[in-house]
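Q: Just passing along the structure, written as structure tokens.
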Amino acid sequence: MSDTAFECRARAAALRTSHGDSPLVNVRDRYELAAQKWDAMAVQAERTAKSREARQAVAAEETH
């Protein structure tokens, strides 16, 4: 997993931890939505990293 994906997941976890117990429903919902967006960014970062690795492997084979 890339550092970026790790950082995104860490931010999502931090949001859930810090405001998951709020007595205000709108606050919990807002922070959960933000955490879900960070999770989605982590998935996208993982896809991007895998795609980059695949392109680099192809490029390396073409040069040899």
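Q: May I ask you to evaluate 6.51 cos²θ - 1.76 cosθ + 1.60, the Karplus curve with θ = phi - 60°, for each residue of the stretch 40-56 and list the ³J(HN,Hα) values in order in whole Hz, giving x for glycine and proline?
A: Coupling constants for the stretch 40-56: 5, 5, 5, 4, 5, 5, 5, 4, 4, 5, 5, 5, 4, 4, 5, 5, 5 Hz.
Q: Springs between alpha-carbon pairs under 10 angstrom, Gaussian network model over the chain: which of ALA42, ALA13, ALA54 fluctuates most?
A: Highest fluctuation among the options: ALA54.
Q: Whenever you get a sec, line up ASP29, ASP21 from highest to lowest accessible area (probe 1.4 Å, protein heavy atoms).
A: Sorted by accessible area, descending: ASP21, ASP29.
Q: Now for a different question. What is the helix-to-structure angle for 3-19, meaning the angle in degrees between its Cα long axis and the longest Cα principal axis of the chain, kept from 0 to 90 and rounded to the nearest 10?
A: With both axes taken from Cα atoms, the answer is about 10 degrees.
Q: Contour minus end-to-end for ASP29 and GLU61, with contour as 0.36 nm per residue of separation and end-to-end as the Cα-Cα distance?
A: Extra length available between ASP29 and GLU61 comes to 6.7 nm.
Q: For the chain, give the percent of accessible area contributed by carbon and sulfur heavy atoms, probe 1.4 Å, rounded to a whole number.
A: C and S fraction of accessible area: 56 percent.
Q: Based on the Kirkwood radius over alpha-carbon pairs, what value in µm²/s does the Stokes-Einstein equation return for the translational diffusion coefficient of the chain at 20 °C and 1.002 mPa s?
A: In µm²/s, the coefficient is 162.
The values are calculated or read from the model by the stated rules, or taken from the named source; none is laboratory data. Predicted model, so just to flag it, every value in this text is computed and none were measured. Ligands, DNA and RNA are stripped out before the accessible areas are found, and what is left, the full protein with its side chains, is counted by its heavy atoms. Shrake-Rupley method; radii C 1.70, N 1.55, O 1.52, S 1.80 Å.
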